[in-house]
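Undergrad: Provided herewith is a single structure, encoded as structure tokens, for subsequent inquiry.
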There are 2 protein chains.
Amino acid sequence: MRTVVVDSSRSAYAKLKPVPLDDVRLQDSFWAPRIQTLLKVTIPTQYRLLEETGRLDNFRRAAGKVSGPFRGLVFNDSDVYKWIEAASYALAYEYDSHVERMVDQVAEEVAAAQDEDGYLNTYFTFEKRNERWKNLRDLHEMYCAGHLFQAAVARHRAQGKRDLLDVSLRFADHIYKVFGPEGREGVDGHPEVEMALVELYREVGRREYLELAHLLIERRGRGLIGGSPYHLDHLPFKRLSELTGHAVRALYLCCGATDVYMETGDPELREALERLWRDLVERKMYVTGGVGSRYEGEAIGEAYELPNERAYAETCAAVANVMWNWRMLLATGEARFADVMELALYNGALAGISLSGDRYFYVNPLADRGGHRRQTWFECACCPPNIARLIAYTPAMIYAKSVDGIYLNLYAANKARIELEDGSVYLEQRTVYPWEGVVEVKVKPEGLDEFPLFLRIPGWTRKARVEVNGRGLEHVNPGSYVKVERRWREGDVVRLVFEMGPLLLEAHPHVTYNTCRVAIRHGPLIYCLEQPDNVYDVWDLAIVPGQLDVEWRPDLLGGVNVVKGAALYFDSSKWAGRLYAPAGSVEVTPREVEFKAIPYYSWANREPGPMIVWVKRTQ
Amino acid sequence: MRTVVVDSSRSAYAKLKPVPLDDVRLQDSFWAPRIQTLLKVTIPTQYRLLEETGRLDNFRRAAGKVSGPFRGLVFNDSDVYKWIEAASYALAYEYDSHVERMVDQVAEEVAAAQDEDGYLNTYFTFEKRNERWKNLRDLHEMYCAGHLFQAAVARHRAQGKRDLLDVSLRFADHIYKVFGPEGREGVDGHPEVEMALVELYREVGRREYLELAHLLIERRGRGLIGGSPYHLDHLPFKRLSELTGHAVRALYLCCGATDVYMETGDPELREALERLWRDLVERKMYVTGGVGSRYEGEAIGEAYELPNERAYAETCAAVANVMWNWRMLLATGEARFADVMELALYNGALAGISLSGDRYFYVNPLADRGGHRRQTWFECACCPPNIARLIAYTPAMIYAKSVDGIYLNLYAANKARIELEDGSVYLEQRTVYPWEGVVEVKVKPEGLDEFPLFLRIPGWTRKARVEVNGRGLEHVNPGSYVKVERRWREGDVVRLVFEMGPLLLEAHPHVTYNTCRVAIRHGPLIYCLEQPDNVYDVWDLAIVPGQLDVEWRPDLLGGVNVVKGAALYFDSSKWAGRLYAPAGSVEVTPREVEFKAIPYYSWANREPGPMIVWVKRTQ
């Protein structure tokens, strides 16, 4: 089996190749329990909700097995597909017969709903049949198809089952006939099918799917779906230099374009992707890796428009940010993409799910007064199965391979056996990352001995040290991969030490929301102040820059490092009844206190209360 | 003629009575030229746009004079009505035969469109006739009716012409039949008809209109229009304590409730209005008097949710804030309402129209990078005629009367003859307000000699002095009316001196958007920094608290006081390529510079560039 997520194995223009996720066995206390929760809680509860909300009945209805109206939103099929994808990857990581039975049954229901001509979408059946492919901008038909393809590929890679793959090939052939080079000009309002088609191409080798994906990207900017920046349809993709509009759509489009680039090497795609990536990380991304500043249109805002209380930062957008940067990393082997991937994974995305595994955020504010709480489900339920599939395939992103060597992208205690051309390598990571910045990698070559290891030195560290069997290396630069090439022998140990001491971040001065405010970073984790850990209203604290301490609290929130430091408390109740006042006229005598901060991903798992990421600072 | 705006003359529970606007003759350089521009530019250009956009044709179509489809939005009739109201008040102030002809013609077109049964709405004609009164929540039928009534009352009061008044009475009778005490339970999704019905009652004395207005307020909170906080339909009005939902709807509802209170004295209405007013001014109002933080739903946000770049602050909401506070002032005679009225008038509302009188803001941000510019018109064109009618009736809000005395609410050079019970008083204000805080009031009693003058001491002044014929009074408190009672003689002069020196304001600490930021206030005016007056990017300046200077610039923006002071310039380009960085790691050496600020209402009348109200400050 080769359960890879994004299969760049034969992609001519990808620098890195994926490692099957089932070759990695987590042994850590961060991700391993989350995957257990995924299998035992998240996937079964989501299954029940797919059933209760009529999403599965929609397939039975399309197959003629039940009657009644279509239920829910036009893109509800995609939730079922993402759930299949999540469950398939989770099963690849760890077998669970209960989950397997659920997935097999759902796959059967899906397959039964397909039309003779290959079309499959449970909304566009019976009375809605005549509306097929009529409103590509708004009705998500290709989007749903893309999620089907990704689910089918995952199921095929993970369980070797062809049922949904055959369904997908028939549907993809249908789409190719309708919208391929000989068909109608059309693109979907919600990108997704592009990356899915490339994966389908990689899975079965049919070049027309890649051709169609490329075409769907090239067709943007011709006004086929209205020509708006909201849909990134105002300019040809290759001429874009700004990410605009709906955050998830924009990032999914970039995923698709990156996948097409890995197969075609189209240099103009690569240049556009570079411009768009810079626009995102230099101007439009939350410090958590979240994306999307606006409730209206779930949109990316202007440059530096990054409100905190009213951040939208949809969980799906953070997931998409991980997906895109994972692809950019595969394409280029550049550490900066791993940095953003890690940031969005541990913070923006992971906040989308409760520690219990059965409650979700759709919207992820960076400041709150206690009103924003995770929900068990949503009418528009894109986020729950999206964060589920991301967690399910996290093990697959820890490593990657180049032509001759092995890349360590993420750190977590695990054992892995990685196949190279001329043999395999057994690796063992010992670490309590992300809580400490020390990683020991035991290397045991099997059938080969000389190969390079590429060790990611995170961009967030100020100083890093790499030792091979106790001997330090030179030229260890944060934000790069250090190449260690040698004749390896069993028992070799590489020791990585990343200076991780918590520190305060500030934002570009044009992020007006963060003036005189700082965020706390500790390693890859962004922190927040939440009320249950603090005596005084956390919105009224101002951090005194200086010593920050870290305390490991195994009992708290599943085990977290708490960051502590000095703050001044300014009692805002002195302002009672006033909204504006002459500067300095409301006198508040500050009080010295200690503040405690917890990882952002873990907030809102206790009683409601104020929370804040960008905390005031004294000057 | 008694061209009053809000006729509380016989309202049993109103503390103040209005003064006809045609009894006031402006002689100032602030409002007088604006009313000239209104008559010569704004009203004629809006007339042309009402014609070009099909709004007038909609009436001709309803009357059977032209064919073709209804054009534009469902509430387009209301734009015509607001224009009539604006033009009528402007004509009351100054006769203009050209404008009068336009209004007469439009009034005739409106009257011709009325149905036999009194119903009048050009959208609900022909093919849409069956949809009348079917969707009160969304389709603005009573809202349009209300604007018709206000236009009709204005025309009747100002020109003595009954045509639209008769139309309105027929329509109001129709509404009373359908929705009165014996009719269907129903309320409109967009309040407006409530205040209009009270004015209609005041104009013609038919008590059923007041009864209906009261009923429409009492009926809220029963879920008749969905029961949402967005429509203030989740609780009975008398139990509300928070302003929520659509800003203009909420404030118009408060206007209507205040009008009903003035007629009925219902104490629970008064208490609710007090709670809602406090919620607004203590938690939800921009420093400009603007209201509404959210693009989504044009809504008032949570407490302290007052973003700057993404302020919505619809021009109509600032106009509504003036309207509501004018009514609260009439109801109570309390100076705090005059303070908010003045603030919203000179700042939030006035920014909605260009100095040239023919371009408008719908949305009024408090910070911008140069992209937000006034437009000649909007598809949803509620704001242009709303700011027009407000400017047209500004002279009417300068004075008011109590049973025995005269209230001076606003200051502007003018001559006025004010009728009291036992005679009249000739008043002359000499001042260059709002540019300086000195006002001389010459008093000449005509036919009576003993009466009190109530002089508003603005809440924005730190210190005020009042002299009568050179003799200073004691107990002159900002934010109150000073009562001066004496036997007046021709030649008496009251001299008011308000300390007006510009000062810096800060915001409640929970307005996170304004941390370490200050706004500049000079008298009633809120200032902003705009790029054309400053060398360095105004977003990169930090005001150094200290001496602020004022310079009168007759050549600039129609004549304004510029506020100047010291600032430090922090070159944000040092951050190039970075969005987040460890605190202190981006070193920027500040440079001492002078900043210049202009009144907020006057921004965006020159070349585009950055603007900011809440400027950073050094500490």
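Undergrad: Just to be sure I understand: if I project the alpha-carbon convex hull of segment B:247-389 onto a plane and average over all orientations, what area do I get in nm²?
TA: If I average the Cα hull's projected area over directions, I get 8.5 nm².
Undergrad: What is the dipole size for chain B, taken about its Cα centre, with +1 at each Lys and Arg Cβ and -1 at each Asp and Glu Cβ, in debye to the nearest 20?
TA: For chain B, the charge dipole is close to 520 debye.
Undergrad: Taking the Cα-to-Cβ direction at B:K40 and at A:E592 and moving 7 Å from each Cα, how far apart do the two end points lie in nm?
TA: That separation, rounded to one decimal, is 6.7 nm.
Undergrad: Alpha carbon centre of segment B:243-312 versus segment A:407-437: separation in Å?
TA: Computed from Cα coordinates, the inter-centre distance equals 59 Å.
Undergrad: If you draw the axis that swings chain A onto chain B, which residue of A has its Cβ closest to it, and how far is that in whole Å?
TA: Residue nearest the A-to-B axis, with distance in whole Å: A:C516, 2.
Undergrad: If you count the DSSP beta bridges with both ends in segment A:503-617, what percent of them are antiparallel, to the nearest 5?
TA: 95
Undergrad: Let me ask something else about it. Taking R0 as 25 Å, what FRET efficiency do you get between B:D571 and A:Q619 from their Cβ-Cβ distance, rounded to the nearest 0.05?
TA: So the FRET efficiency works out to roughly 0.85.
Undergrad: Now a separate question. At 1.4 Å probe size, with every protein chain present, just tell me what the per residue accessible area of segment B:503-617 comes to in Å². Spell out each step's value before the answer.
TA: Numbers: 3950 Å² over 115 residues.
Roughly 34 Å² per residue, with all protein chains present.
Undergrad: How do B:419-425, B:529-535, A:362-368 rank on mean C-beta neighbours within 10 Å, highest first?
TA: Put in order of decreasing packing, that is A:362-368, B:529-535, B:419-425.
Undergrad: Show me A:604-616, B:545-557 ranked by packing, highest mean number of other Cβ atoms within 10 Å first.
TA: A:604-616, B:545-557
Undergrad: Using protein chains only (no ligands, no nucleic acids) and a 1.4 Å probe, work out which residues of segment A:275-307 have their accessible area cut by at least 30 Å² relative to the chain alone.
TA: Buried by 30 Å² or more upon assembly, which counts only protein chains, are A:E282, A:E296.
Undergrad: Tell me, what % of the accessible area of segment A:314-444 is carbon and sulfur with a 1.4 angstrom probe?
TA: Using a 1.4 Å probe with all protein chains present, segment A:314-444 comes out at 46 percent carbon and sulfur.
Undergrad: A further question follows. What ³J(HN,Hα) values, in whole Hz, does the Karplus curve 6.51 cos²θ - 1.76 cosθ + 1.60 give for segment B:75-87 when θ = phi - 60°, with x put for Gly and Pro?
TA: 9, 5, 4, 5, 5, 5, 5, 5, 5, 4, 4, 4, 5
Undergrad: Moving on. Multiplying the sequence separation of A:V493 and A:R48 by 0.36 nm and subtracting their Cα-Cα distance, what value in nm do you get?
TA: On the way: separation 445, 0.36 × 445 = 160.20 nm, distance 4.64 nm.
Going from the current span to full extension adds 155.6 nm.
Undergrad: Rounded, prolate or oblate: which one fits segment A:455-530, using the alpha carbon gyration tensor with axes a ≥ b ≥ c (rounded when a/c is under 1.5, else prolate when a/b beats b/c, else oblate)?
TA: prolate
Undergrad: Compute the distance from the alpha-carbon center of segment A:1-30 to that of segment B:490-548, in whole Å.
TA: Each part's Cα centre sits 59 Å from the other's.
Undergrad: Residue by residue through segment A:386-398, which ³J(HN,Hα) values in whole Hz follow from phi under the Karplus form 6.51 cos²θ - 1.76 cosθ + 1.60 (θ = phi - 60°), with glycine and proline marked x?
TA: 6, 5, 5, 5, 5, 4, 4, 9, 4, x, 6, 9, 5
Undergrad: Right, here's the next one. Sort segment A:68-212 into rounded, prolate or oblate with this rule: let a ≥ b ≥ c be the square roots of the eigenvalues of the Cα gyration tensor; rounded if a/c is under 1.5, and if a/c is not under 1.5, prolate when a/b is larger than b/c, oblate otherwise. Don't skip to the end; give the middle numbers.
TA: Values: a/c = 1.98, a/b = 1.30, b/c = 1.52.
Oblate shape, in that a/c is at least 1.5 and b/c is the bigger or equal ratio.
Undergrad: Of all alpha-carbon pairs in segment B:503-617, indicate the percentage at a distance above 26 angstrom.
TA: Roughly 21 percent, rounded to a whole number.
Undergrad: At A:K177 and A:E131, where each label point lies 7 Å from the Cα along Cα→Cβ, what is the point-to-point distance in nanometres?
TA: 2.4
Undergrad: While we're looking at this one, here's another question. For segment A:503-617, what % of the accessible area comes from carbon and sulfur atoms, probe 1.4 Å?
TA: Looking at segment A:503-617 in its full context, I get 48 percent from C and S.
Undergrad: In segment B:162-223, which GluC sites (Glu not before Pro) are in a loop and have at most 15 other Cβ atoms within 10 Å, using DSSP for the loop call?
TA: B:E182, B:E185
Undergrad: Related question: Run down the aspartates and glutamates and flag those whose C-alpha is under 12 Å from the C-alpha of B:K65, throwing out any fewer than 8 positions away in its chain.
TA: Excluding near neighbours in sequence, the set is B:D57, B:E109.
Undergrad: With a 1.4 Å probe and all protein chains left in place, how much accessible area per residue does segment A:242-313 have, in Å²?
TA: Accessible surface, normalised per residue, equals 23 Å².
Undergrad: Next up: To check my understanding: the extent here is largest minus smallest coordinate of the Cα atoms along each principal axis. What are those three numbers for segment A:143-262, in Å, largest first?
TA: Answer, in whole Å and largest first: 41, 29, 23 Å.
Undergrad: Every other copy gets compared here: list the nm distances from the A:E296 label point (7 Å along Cα to Cβ) to its counterparts, shortest first, one decimal.
TA: 1.2
Undergrad: As a check on your grasp of the helix formula, calculate [θ] at 222 nm for chain B: sum -39500 (n - 2.57) over DSSP H runs of n ≥ 4, divide by the residue count, round to the nearest 500.
TA: Mean residue ellipticity, 222 nm, calculated: -9500 deg cm²/dmol.
Undergrad: Which three semi-axes in whole Å describe the equivalent ellipsoid of segment A:1-155, each the square root of 5 times a Cα gyration tensor eigenvalue, listed largest first?
TA: So the three semi-axes of segment A:1-155 are 30, 20, 12 Å.
Undergrad: Would you mind listing the distances between the B:R25 label point and the same position in each other copy? Use 7 Å along Cα-to-C-beta, nm, one decimal, shortest first.
TA: Nearest to farthest, the other copies are at 10.0 nm.
Undergrad: What net charge do the residues around B:V511 carry, taking every other residue with its C-beta under 10 Å from that of B:V511, with Lys and Arg at +1 and Asp and Glu at -1?
TA: Numbers: positive: B:R283, B:R517; negative: B:E305, B:E506.
Residues close to B:V511 contribute a combined charge of 0.
Undergrad: Return the Rg/Rh value of chain A, two decimal places, where both radii are evaluated on C-alpha atoms and Rh is the Kirkwood radius.
TA: Checking Rg against Rh, the ratio lands at 0.97.
Undergrad: Here is a follow-up. What's the buried accessible area, both sides, between B and A using a 1.4 Å probe, rounded to 100 Å²?
TA: Rounded to the nearest hundred, the buried surface is 4100 Å².
Undergrad: If you don't mind, there's one more thing I want to ask. How about B:K442: which lysines have a C-alpha closer than 23 Å to its C-alpha, ignoring those fewer than 8 places off in the same chain?
TA: B:K17, B:K401, B:K415, B:K463, B:K483
Undergrad: Sticking with this structure for a sec: Just add up the charged neighbours of B:M195: K/R +1, D/E -1, any other residue whose Cβ is under 10 Å from the Cβ of B:M195.
TA: Numbers: positive: B:R327; negative: B:E192, B:E194, B:E199, B:D259.
Local net charge: -3.
Undergrad: Would you mind working out the accessible area per residue for segment B:1-157, using a 1.4 Å probe, and quoting it in Å²?
TA: Result: 36 Å² per residue.
Undergrad: Is there a simple number for the mean count of other chain Cβ atoms within 10 Å of the Cβ of residues in B:516-526, and what is it? Write down the numbers at each step before the final one.
TA: Details: counts 6, 4, 3, 2, 0, 2, 0, 0, 0, 0, 1.
Mean shielding by partner chains, rounded to a whole number: 2.
Undergrad: Round to the nearest 0.05 the FRET efficiency obtained for B:V535 and A:C380 when R0 = 41 Å and r is the Cβ-Cβ distance.
TA: 0.25
Undergrad: Ordered by residue, what ³J(HN,Hα) values in Hz, to whole numbers, does segment B:535-540 give under the Karplus form 6.51 cos²θ - 1.76 cosθ + 1.60, where θ = phi - 60° and Gly and Pro are x?
TA: These are the phi-based 3J(HN,Hα) values: 7, 9, 3, 5, 6, 9 Hz.
Undergrad: In chain A, what cysteines have no partner Cβ closer than 4.7 Å?
TA: A:C144, A:C254, A:C255, A:C316, A:C380, A:C382, A:C383, A:C528
Undergrad: Pop a pseudo-label 7 angstrom from the Cα along the beta-carbon direction at both A:E296 and A:E551 and give the gap in nm to one decimal.
TA: Distance between the two pseudo-spin positions: 4.6 nm.
Undergrad: In angstroms, what radius of gyration and Dmax does segment A:39-109 have, counting Cα atoms only?
TA: Taking only Cα atoms of segment A:39-109, I get Rg and Dmax of 12.3, 38 Å.
Undergrad: Between copies, how far does the label point of A:R591 sit from its twins, in nm, shortest first, when each point is 7 Å from Cα along Cα→Cβ?
TA: In ascending order, 4.5 nm.
Undergrad: Same structure again: To the nearest µm²/s, what D does Stokes-Einstein give for the protein assembly as shown at 4 °C and 1.567 mPa s, using the Kirkwood radius over alpha carbon pairs as Rh?
TA: Answer from the Stokes-Einstein relation: 39 µm²/s.
The values are calculated or read from the model by the stated rules, or taken from the named source; none is laboratory data. Everything quoted here is computed from the prediction, not taken from an experiment. Positions of Cβ are backbone-derived with ideal geometry, glycine not excepted, and every protein chain shown enters the neighbour counts. Note: accessible area is taken over every heavy atom of the protein model, side chains too, but ligands, DNA and RNA are not part of it. Shrake-Rupley method; radii C 1.70, N 1.55, O 1.52, S 1.80 Å.
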